[in-house]
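For reference, the structure discussed in these notes is given below.
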Amino acid sequence: KAGVTQTPRYLIKTRGQQVTLSCSPISGHRSVSWYQQTPGQGLQFLFEYFSETQRNKGNFPGRFSGRQFSNSRSEMNVSTLELGDSALYLCASSLLPVYEQYFGPGTRLTVT
Amino acid sequence: GENVEQHPSTLSVQEGDSAVIKCTYSDSASNYFPWYKQELGKRPQLIIDIRSNVGEKKDQRIAVTLNKTAKHFSLHITETQPEDSAVYFCAASNTGNQFYFGTGTSLTVIP
């Protein structure tokens with residue numbers, strides 16, 4: 001079975017721009033979660049989607065949003081980018097909520 | 001919300017020795033506790049997990065123990081090898097599927 005994939009793998013953006021990241025879960029997995037990983041803050045939960053519905057949201061500003069499609073693929077969007085948004089963005093999929101999560105390779109976002 | 005604390009932040013052991021990493025959590029509703037290994041430049045990989053109805057789980061050289069009363073769980077790696085060198089993260093989750101991660105332990109196994 002193919003693993004979780006994320007595109008793009010690397011991205012460089014300028015402050016004030018917006019960005020969209022994509023995540024394709026393992027086939028059959030219906031839950032997708034997004035995390036931000038930085039050296040200082042570790043792994044922080046952004047949000048979780050199940051059956052196209054956002055079930056949980058972490059403590060991030062409204063500039064961070066996401067959605068899930070009927071095929072379980074998910075996108076996250078960050079608007080009005082700030083320097084502090086530079087991070088590795090990881091998505092993880094699981095068959096159902098509170099099942100084992102499997103991570104994608106991440107998208108490395110650099111904001112200049 | 002949940003708060004997961006992980007100790008130590010760095011750990012060096014001689015090859016063949018054991019390594020123990022400990023995590024505490026605050027929310028008694030948490031019922032699923034996975035451990036992830038992340039090598040440099042790679043994605044976190046699930047290495048073992050435990051649910052709140054079990055006290056201990058073992059998979060070859062890796063074991064996890066859970067003490068629900070004290071709200072702590074630990075990762076034990078025996079007979080460490082250089083390839084065990086990585087950052088290890090613990091996490092806690094409840095039925096809401098919101099995962100809270102510890103800050104990570106950088107494990108170095110010295111040959």
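The values are calculated or read from the model by the stated rules, or taken from the named source; none is laboratory data. Because the structure is a prediction, the values reported are computed rather than measured. Here the Cβ is made from the backbone with ideal geometry for all residues, glycine too, and neighbour counts use every protein chain on show. The protein model used for the area step is the full one, side chains on, heavy atoms only, and it has no ligands, DNA or RNA in it. Shrake-Rupley method; radii C 1.70, N 1.55, O 1.52, S 1.80 Å.
Conditions (1) assigned to a loop (DSSP other than H, G, I, E, B); (2) within 14 Å of another protein chain (Cβ to nearest Cβ); (3) closer than 19 Å to B:Ala19 by Cβ, marked per residue:
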{"site": "B:Val54", "(1), (2), (3)": "yes, no, no"}
{"site": "B:Ala63", "(1), (2), (3)": "no, no, yes"}
{"site": "B:Leu66", "(1), (2), (3)": "no, no, yes"}
{"site": "B:Thr69", "(1), (2), (3)": "yes, no, no"}
{"site": "B:Thr103", "(1), (2), (3)": "yes, yes, yes"}
{"site": "B:Val109", "(1), (2), (3)": "no, no, yes"}
Query raised in the report: Any residue in the range B:20-34 that is surrounded by 15 or more Cβ atoms within 10 Å (Cβ to Cβ) and small (Gly, Ala, Ser)?
Result: yes
Query raised in the report: So which residues in the range B:51-74 are exposed (fewer than 13 other Cβ atoms within 10 Å of the Cβ), out of contact with any strand residue (DSSP E or B) (no Cβ under 9 Å at 6 or more places or on another chain) and at pLDDT below 95, if there are any at all?
Result: B:Asn53, B:Thr69
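For A:Gln36, state whether it is open to solvent by less than 20 Å² (accessible area, probe 1.4 Å) and within 12 Å of another protein chain (Cβ to nearest Cβ).
yes
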Report task. Identify, from the list A:Ser27, A:Ser72, A:Ser51, the residue that is more than 14 Å from chain B (Cβ to nearest Cβ), among the small types (Gly, Ala, Ser) and surrounded by fewer than 20 Cβ atoms within 10 Å (Cβ to Cβ). Result -> A:Ser27
Report task. Just give me the residues in the range A:77-90 being buried (at least 20 other Cβ atoms within 10 Å of the Cβ) and facing chain B (nearest Cβ under 10 Å), in sequence order. Result -> A:Leu90
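Would you mind listing the strands (runs of 3 or more DSSP E) fully within the range A:1-88 where at least 3 residues are not hydroxyl-bearing (Ser, Thr, Tyr)?
The strands (runs of 3 or more DSSP E) meeting that bar are A:10-13, A:19-24, A:31-38, A:42-50, A:53-57, A:64-68, A:74-78.
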Report task. State all residues of the range A:80-112 that are touching a residue at least 60 places away in the same chain (Cβ under 8 Å) and more than 14 Å from the chain's Cα centre (by Cα); if no residue qualifies, say none. Result -> A:Thr80, A:Leu81, A:Glu82, A:Leu83, A:Leu95, A:Leu96, A:Pro97, A:Tyr99, A:Thr110, A:Val111, A:Thr112
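Take the conditions without any contact (Cβ under 8 Å) to a residue 12 or more places away in the chain and facing chain B (nearest Cβ under 9 Å) and apply them to A:Gly3. Does it pass?
The answer is no for A:Gly3.
Can you find, within the range B:1-15, the residue that is most open to solvent (accessible area, probe 1.4 Å) among those that are under 19 Å from B:Lys71 (Cβ atoms) and part of a strand (DSSP E or B)?
Across the range B:1-15, the extreme among qualifying residues is B:His7.
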